[in-house]
Ligand code: NAD
């Protein structure tokens, strides 16, 4: 039984070296891994040069640690890569509230991705569909031949389905979809390879012409879901009693459910947390973003990905569900030294567990935002942290950073021009 606790009071007050040492100890990092964490090693130029094209350098971002997470009865410390201040502080605060409410429960579906084969010029669509479905087992077997490793691990082709898009700008078309269990991989390469290989067989069966053969980022067969509870009394402030705080937070969520303008920002707040873990672990954040927002519009109208309500005891309850096509193998997850260390700190054993951690982080981040918005407003905490960034942007170094930051906070004027002014004084 893992006895480690992610509840580390005062962590934010420690020096960077002390924090890094504690996390290194948590994850039993070796000397090389500690150097990666400290930015001394990390992604080298020659590795970067092999990752993408036209490389001229590498680009770093801060790696922070989200604390207080208890997910499915297990404590996690969460590596988060993000340039925006207050995200990590907010999520750690919210994770503590959820922890005090009994911890976050997270579940996930099997890691099934959808590959699409676009077929045009089909003379008899119903007959073409029947022909494809009649040969389903042959199609699945052909897809499975391509990746014996995946099949050995319990993954592989699961199903074939057909959809007809009758009215598109170029007329009707038939879409043959391959459902493929990607186990611990995100699966884009695997599914794309399968779709490309299946194309000639599908052309033969349908008598049509295949155009695109590519994975869908609306990974609605690969969902992760998190729920949590916060006791009303923990939400009370000097001015606001607990039940009123719960009511305001439920109202905030109702706004996002009903209005796409608010939903976009509500969901952006969720993705502040999710993306930070996606980035830290070397996963494809564009794929996750595309999937999340498409899923938010699945009913034909863009809406909130989460819901918050008051339960029968008067406490706050929340639920978040979104597609999470993420892996612990493949892509950059094992190539990027920082991603390898982040995965080790997380200690997840499977891609499903990683998705469950990410959705839990999204739920907590959402709670943090709604909490701030319905109490002091988002700017109070954010601007204090933002002031530091502005001081640095204005050119402050060493002790100047603190001096300029403190002055801006004390005067209540937190702007770049003010930081520059203070610096020149
Ligand atoms: P991959 O091809 O690098 O790795 C998957 C391979 O790992 C599988 O073929 C499998 O044989 C092997 N493997 C070993 N152990 C495994 C395990 N436990 N579970 C599953 N597989 C295991 O990567 P991928 O996940 O197929 O593709 C991800 C990459 O594709 C990302 O870099 C992504 O950015 C990119 N991509 C994305 C899109 C898109 O989102 N639309 C399109 C193209 C490419």
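Figure legend. Inter-residue proximity from the stretch 283-302: first residues within 13 Å of residue 188 (Cα to Cα) and within 14 Å of the ligand (Cβ to nearest atom), second residues assigned to a loop (DSSP other than H, G, I, E, B) and at pLDDT below 95, beta-carbon distance below 8 Å, spacing 6+ or different chains. Indicated pairs: 283/331; 283/332; 283/333; 284/331. Of the residues making up the stretch 127-158, those that are outside any helix (DSSP H, G or I) and more than 12 Å from the ligand (Cβ to nearest atom) are 135, 157, 158. In a residue-by-residue description of the stretch 329-336, the property of being at pLDDT 95 or above, more than 13 Å from the ligand (Cβ to nearest atom) and surrounded by fewer than 20 Cβ atoms within 10 Å (Cβ to Cβ) applies to no position.
Only one of the listed residues (371, 317) is closer than 23 Å to residue 246 by Cβ, assigned to a helix (DSSP H, G or I), more than 16 Å from the chain's Cα centre (by Cα) and away from the ligand (no atom under 16 Å from the Cβ). That residue is 371.
Scanning the stretch 36-46 for any residue that is touching a helix residue (DSSP H, G or I) at 6+ places or on another chain (Cβ under 7 Å) and either in a helix (DSSP H, G or I) or loosely packed, with under 13 Cβ neighbours inside 10 Å (or both) turns up at least one such residue. Scanning the stretch 390-425 for residues that are closer than 21 Å to residue 12 by Cβ, surrounded by fewer than 17 Cβ atoms within 10 Å (Cβ to Cβ) and in contact (Cβ under 8 Å) with a residue 12 or more places away in the chain gives 403, 409.
Quick check, is residue 270 more than 16 Å from the ligand (Cβ to nearest atom), surrounded by 15 or more Cβ atoms within 10 Å (Cβ to Cβ) and at pLDDT below 95?
In short, no.
When 265, 227 are checked against the criterion of being part of a strand (DSSP E or B) and modelled with pLDDT of 95 or more, a single residue qualifies: 227. Checking each residue in the stretch 229-247 for being under 30 Å from the mean Cα position of the chain (by Cα), in contact (Cβ under 8 Å) with a residue 12 or more places away in the chain and surrounded by fewer than 17 Cβ atoms within 10 Å (Cβ to Cβ) picks out only 234. The selection criterion, being surrounded by 22 or more Cβ atoms within 10 Å (Cβ to Cβ), under 24 Å from the mean Cα position of the chain (by Cα) and in a helix (DSSP H, G or I), holds for residue 363. All of 212, 205 fail the test of being surrounded by fewer than 15 Cβ atoms within 10 Å (Cβ to Cβ) and either in a strand (DSSP E or B) or more than 12 Å from the ligand (Cβ to nearest atom) (or both), apart from 212. Each residue in the stretch 374-401 was checked for being closer than 19 Å to residue 83 by Cα and part of a helix (DSSP H, G or I), and 17 pass.
Cβ-Cβ distances below 6 Å connect the following pairs, each with a first residue in the stretch 306-317 that is in contact (Cβ under 8 Å) with a residue 12 or more places away in the chain, a second residue that is surrounded by 15 or more Cβ atoms within 10 Å (Cβ to Cβ) and in a loop (DSSP other than H, G, I, E, B), and a separation of six or more residues or different chains: 315/231.
When you look at residue 191, is it surrounded by 14 or more Cβ atoms within 10 Å (Cβ to Cβ), farther than 28 Å from residue 325 by Cα and either within 16 Å of the ligand (Cβ to nearest atom) or under 31 Å from the mean Cα position of the chain (by Cα) (or both), yes or no? Don't jump to the end; show me each part of the working.
Details: surrounded by 14 or more Cβ atoms within 10 Å (Cβ to Cβ): yes; farther than 28 Å from residue 325 by Cα: no; either within 16 Å of the ligand (Cβ to nearest atom) or under 31 Å from the mean Cα position of the chain (by Cα) (or both): yes.
It is false that residue 191 is surrounded by 14 or more Cβ atoms within 10 Å (Cβ to Cβ), farther than 28 Å from residue 325 by Cα and either within 16 Å of the ligand (Cβ to nearest atom) or under 31 Å from the mean Cα position of the chain (by Cα) (or both).
Would you check which residues across the stretch 159-188 are away from the ligand (no atom under 16 Å from the Cβ), assigned to a loop (DSSP other than H, G, I, E, B) and either within 28 Å of residue 351 (Cα to Cα) or in contact (Cβ under 8 Å) with a residue 40 or more places away in the chain (or both) and list them? Matches in the stretch 159-188: 170 only.
The values are calculated or read from the model by the stated rules, or taken from the named source; none is laboratory data. Keep in mind that what you see is a predicted model, and the values were worked out from it rather than measured. Glycine also receives a Cβ, built like all others from the backbone with ideal geometry; neighbour counts cover every protein chain displayed.
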